[in-house]
1. Please list the non-local residues whose amide H lies under 5 Å from the amide H of residue 180, H modeled 1.01 Å from N, same-chain partners needing a gap of 5 or more.
2. Once both axes come from the Cα atoms, what is the angle between helix 274-290 and the longest principal axis of the chain, in degrees from 0 to 90, rounded to 10?
3. Would you mind checking 154/251; 142/279; 23/71 for any pair whose Cα atoms are more than 27 angstrom apart?
4. Per residue of region 155-170, what does 6.51 cos²θ - 1.76 cosθ + 1.60 with θ = phi - 60° give for ³J(HN,Hα)? Whole Hz please, x for Gly and Pro, Karplus curve as stated.
5. Which percent, to the nearest 5, of DSSP beta bridges fully inside the chain are antiparallel?
6. What distance in nm separates the simple spin-label points at residue 215 and residue 196, each placed 7 Å from Cα in the Cβ direction?
7. Please list, in order, the residues from region 186-219 whose amide nitrogen is less than 14 Å from a point placed 7 Å along the Cα→Cβ vector of residue 14.
8. Of 17, 229, which has the most accessible area and how do the rest follow, probe 1.4 Å?
Amino acid sequence: MRNLSDIQEVKRILSRHGFHFSKSLGQNFLIDPEVCPRMAEESGITKDMGVIEVGPGFGVLTQQLALRAGKVVAIEVDKRLPEVLADTLSDFDNVTVYNADVMELDLNELIAREFPGMDVVVCANLPYYITSPVIMKLLEEKLPIRSLVVMVQKEAAVRICAQPGQRECGAVSVAVQYYAEPEILFAVGRDSFFPAPKVDSAVMKLDVRSAPPAVLDGVEEKRFFQVVHAAFSQRRKTVSNSLSSGLSLGKEQVRKALSSAGIPENFRAEQLTLAQFGKLCQELNRQEAEK
Ligand code: SAM
């Protein structure tokens, strides 16, 4: 198996294929020999499972996934990379490369076609310029996947894994918590990449929930996200003001709903727990029903 963590080998591949890194595609490739095996292990992959990787690059993580899984589908947007991957992954017959933009693929259809009857996980070193859109696509499309083990920029990991009620919490944290249980697994320094980016990274695991959190029982998904997005629409304002403008509701109406849900009027969106968001949705629904 080609040693893709060896910088000399990476340089040989660059020159053999005349490849140049694309900054705009977030091409910082892993060269730390410990990170990819660890990510693959944390995914809990076995020979009867399927894995989706977004952005295989030269295939350093793909190798580790292919060693452990029944089948790997690697989705890579860069048109120059399938040729390189055919070379670097020539030892494996269980990897299929899709030369496509992950944001444009129908992943439910892909999973049904590529992994019939198999448990599926996602494992990837994500391109940082589209971290949140990729994660939200993978979660919102309600794919039959068990978990995501993904490397992202450290600050993004902290934000995504922040619990509602914590200072770093944002709309994306609340949205992720709706679909999954997130945790940061380990930090990865910038020197683990070639070329080295200007930021550090972290690997996180999102265990996909089989149903929304119990504290949101009876709350309609569409309503929940409408309220969450309105609450976070003006970060500097109180949740009362953001909801009033975001949902086009009178201030008095919002004040009443907050009070009935037991939420102080001067709270900001990041201070609300999931349960409080749930209660708020129910109060707003009740008000509407009484109109
Ligand atoms: N997995 C490799 C590694 O760990 O060394 C490369 C990771 S690099 C951070 C991100 C990869 O995602 C690049 O290969 C890039 O070309 C690819 N990529 C960027 N945007 C993409 C998209 N929209 N769909 C699929 N792949 C994409």
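The values are calculated or read from the model by the stated rules, or taken from the named source; none is laboratory data. Note that the coordinates shown come from a computational prediction; the quantities given were computed from them, not determined experimentally. Neighbour counts run over all protein chains shown; Cβ positions are idealised from the backbone, glycine included. These area figures cover heavy atoms from the full protein model, side chains too; ligands, DNA and RNA do not enter into them. Shrake-Rupley method; radii C 1.70, N 1.55, O 1.52, S 1.80 Å.
1. For residue 180, whose amide H was placed from the backbone, the distant partners under 5 Å are 209.
2. Taking Cα atoms only, the helix is inclined about 50 degrees.
3. Flagged as over cut-off: 154/251; 23/71.
4. Result, ordered by residue: 5, 5, 5, 4, 5, 5, 8, 5, 6, x, x, 8, 4, 6, 5, x Hz.
5. Working: 17 of 35 bridges.
The antiparallel proportion sits near 50 percent.
6. Modelled inter-label distance: 4.1 nm.
7. Hits in region 186-219 for residue 14 at 14 Å: 193-197.
8. Details: 17 45, 229 105 Å².
Descending order: 229, 17.
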